[in-house]
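The values are calculated or read from the model by the stated rules, or taken from the named source; none is laboratory data. Model, not experiment: these values are computed from the prediction. Cβ: placed from backbone, ideal geometry, glycine included. Neighbour counts: every protein chain shown.
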Amino acid sequence: MTRSDFMTNPTATVSTKRGPGSPLELALLDLKEGMSKHELWMFLSWRDIQKQYSRSLIGPFWLTISMGVMVAGMGLLYAVIFRIEVREYLPFLSVGLILWGFISNLLISSCAVYSSAAGTMRQVRLPLSVYIFQLVYNHLIIFGHNMIIYIAVALIFGIQPSLFTLLFFPAFALVLINGVFAAMILGPVCARFRDVPMIIASLIQLTFFVTPIIWNAEQLPERAMFVHFNPFFHFIEIVRAPLLGGSASVENWVVSIGITLVLGFISLAFFARYRSRVAYWV
C-alpha cells in the first residue's frame, strides 16, 4: 500500500499476510508433499532395482540367495559352537540377520540419500522427503524378498503363527518410522561432512558384534546390562519375537516407543533447521 492510497482511505490497514512460513512449517509441508507423491517414489524405487539387475535372470532374488546361504552356513556353524539345537537356533539367526541387514543397509544408504541424487536435485524441484521415502521403500522391497528365507525356515521347522505374530506389523512400522527419522538427520549431515559415512559404516560394523543377532542375550545374563542400553537390540527384539511365535518384553516396547518419540522430535527440528541448505551441500 502506497502513502497516497493511505491518505485517500485513512481506515485502510496495512496487510499483515505472512510469508512462506517458519522453517518448521516448511519442513512439515515438505514431508506432507513428499508423502503425497508416493506413486513417484515407489516407481523410482522399482526402477532403481530393475536397473541394478537389468541383465540378471533372477534379478533381486540374488540378494535372497546370498542371504539364504549366509543364514544356512552361519546357522549350522554357530549352532555347533554355542551347542544349541539347529531347530532352535536357525530361526532365531535367520530373523536376526534379515532384520539387521535391513536396518544396517538403510542407515548406511541414508548417508548418501542426497549426495547420490545431486544431479536430479539440480534439475528437478521436488520435496527433499521424496528421496528419503524412495530410499526406505527401496530397502523395504529388498526386505520383502529376504523374508522368503524366513517363510522357508518357518515351514521347515514348523513355526506356527499365533496372535503374537500380529505384533510384527506395529513393530516393523516403528522400525520404518525410525528409518525415516534417521535419514532426515544423516542425509544432511553426510552431505555436509563427507567423512561421516565412513564413520557410520564403522560404527554399524562394531554394533553388529555387540547386538544379540548371532548370539542370544540370555546366554550372558550376568553381563547383559550393556545389551539393555543398545537401542538396536530393542527394535530387533520387538520384530523378531512375534515371528518366532512369542512376544517381546514390556521393556523392549517401552524403549522402542520412547526412542521413536525422541528421535522424531530431534529429526524434525534438525530437518527444519538444515533442509534449505542441502541443495548447496550436494
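A compact table of results
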{"read-out": "Exclusive hit being without any contact (Cβ under 8 Å) to a residue 40 or more places away in the chain and either touching a Gly at 6+ places or on another chain (Cβ under 9 Å) or closer than 26 Å to E39 by Cβ (or both), set F169, F133, F143", "value": "F169"}
{"read-out": "Residue within segment 181-189 that is part of a helix (DSSP H, G or I), within 21 Å of S94 (Cβ to Cβ) and under 20 Å from the mean Cα position of the chain (by Cα) present", "value": "no"}
{"read-out": "Residue pairs meeting the criteria (Cβ under 9 Å; at least 6 apart or on separate chains; first touching a residue at least 24 places away in the same chain (Cβ under 8 Å) and more than 14 Å from Q219 (Cα to Cα), in segment 67-86; second of a type in the set (S, T, N, Q) and assigned to a helix (DSSP H, G or I))", "value": "M67/S94; M67/N146; G68/S94; G68/N146; V71/S94"}
{"read-out": "Which listed residue is out of contact with any strand residue (DSSP E or B) (no Cβ under 9 Å at 6 or more places or on another chain) and within 22 Å of A79 (Cα to Cα), from L243, L166", "value": "L243"}
{"read-out": "Residues located in segment 242-279, provided they are small (G, A, S) and either part of a loop (DSSP other than H, G, I, E, B) or surrounded by 17 or more Cβ atoms within 10 Å (Cβ to Cβ) (or both)", "value": "G245, G246, S247, A248, S249, S256, S267, A272"}
{"read-out": "V113 part of a helix (DSSP H, G or I) and closer than 28 Å to R240 by Cα", "value": "no"}
{"read-out": "Segment 221-241, subset in contact with a helix residue (DSSP H, G or I) (Cβ under 8 Å, 6 or more places away or on another chain) and among the aliphatic types (A, V, I, L, M), residue surrounded by the fewest Cβ atoms within 10 Å (Cβ to Cβ)", "value": "A224"}
{"read-out": "Single residue of L99, L126, L76 found to be outside any helix (DSSP H, G or I) and either out of contact with any strand residue (DSSP E or B) (no Cβ under 6 Å at 6 or more places or on another chain) or more than 30 Å from P231 (Cβ to Cβ) (or both)", "value": "L126"}
{"read-out": "Per-region count, segment 144-160, residues part of a helix (DSSP H, G or I) and over 14 Å from V71 (Cβ atoms)", "value": "2"}
{"read-out": "Positions within segment 14-64 being at pLDDT 70 or above, part of a loop (DSSP other than H, G, I, E, B) and among the aliphatic types (A, V, I, L, M), in sequence order", "value": "I58"}
